[in-house]
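First the structure, in the form of structure tokens, and then the observations on it.
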Amino acid sequence: VVLADDGKPQSAKLTTTDSKLRLDVLPKGEGYAMKLDAQQWTPPSGPALVFDSLQADLLLLGDRLDMSSVAAKLYGGTIDGAATLNWAKDLRASGKFRTAGIKVGDAAKLFNKNTHVSGRLSGNGTFSVNAKDAAALADRLVLDYRFDVKNGVLYGVDLVKAATLLVRGGAKGGETQCDELSGTLHTAGKQ
């Protein structure tokens, strides 16, 4: 941390002990401009996502953090977006994001080891959350995501066979291949 003669910070450089994450901070107007850079980094909480790279441009203004640009490479694909976090009254966050070419099988195993899928995931989404404290954020998240999976396989279920045998009790096992699967995911808290 570099301080001016009056004791105010002029700049700061923060680095994790393993040097996988770096944050450079400079004063900007009434706030602080920050540049985040991470390589082969896993966040300390939540799913054990491994970011091949993560860059973000941030602006801290009092009780608000603007993330004007976030770009990540992970699981053979990319995520980019922008978001705002505000904690003036409650914790509030909102943003938009885009995914491209993520290997869905690798990512799905982080959330449920029994999920067996493959393919490349792309799409566009928005999110918002409003909660009294950080512990309640996951239960209050609202997410809308339009997605496509290219060259995918859903293992353990043959949807075509299941549909034809539905009247007779269904079918288990098999697999479903698709050139393209499109859909919309909407979550509201635990729903």
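Below, the figures for the structure above:
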| quantity | calculated |
| --- | --- |
| Flagged links, alpha-carbon separation over 24 Å, of Lys35/Lys190; Lys73/Lys150; Lys20/Lys113 | Lys35/Lys190; Lys20/Lys113 |
| Structure-based [θ]222 nm, the chain - -39500 (n - 2.57) summed over DSSP H runs of at least 4, per residue, nearest 500 | -2000 deg cm²/dmol |
| Prolate/oblate/rounded label for the range 1-96 (Cα gyration tensor, a/c 1.5) | oblate |
| Solvent-accessible area per residue for the range 1-143 (1.4 angstrom probe, square angstrom) | 62 |
| Cα-based shape type of the chain, given that a ≥ b ≥ c are square roots of the gyration tensor eigenvalues and the cut on a/c is 1.5 | prolate |
| Packing-based order for 77-83, 108-114, using average beta carbon neighbours within 10 Å, highest first | 77-83, 108-114 |
| Relative packing of 4-17, 89-102, which averages over residues the other C-beta atoms within 10 Å, highest first | 89-102, 4-17 |
| Heavy-atom accessible surface of the range 45-110: percent carbon and sulfur, 1.4 Å | 59 |
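The values are calculated or read from the model by the stated rules, or taken from the named source; none is laboratory data. All of these numbers come straight from a predicted model, not from anything done at the bench. We place every Cβ from the backbone using ideal geometry, glycine too, and count neighbours over all the protein chains shown. These area figures cover heavy atoms from the full protein model, side chains too; ligands, DNA and RNA do not enter into them. Shrake-Rupley method; radii C 1.70, N 1.55, O 1.52, S 1.80 Å.
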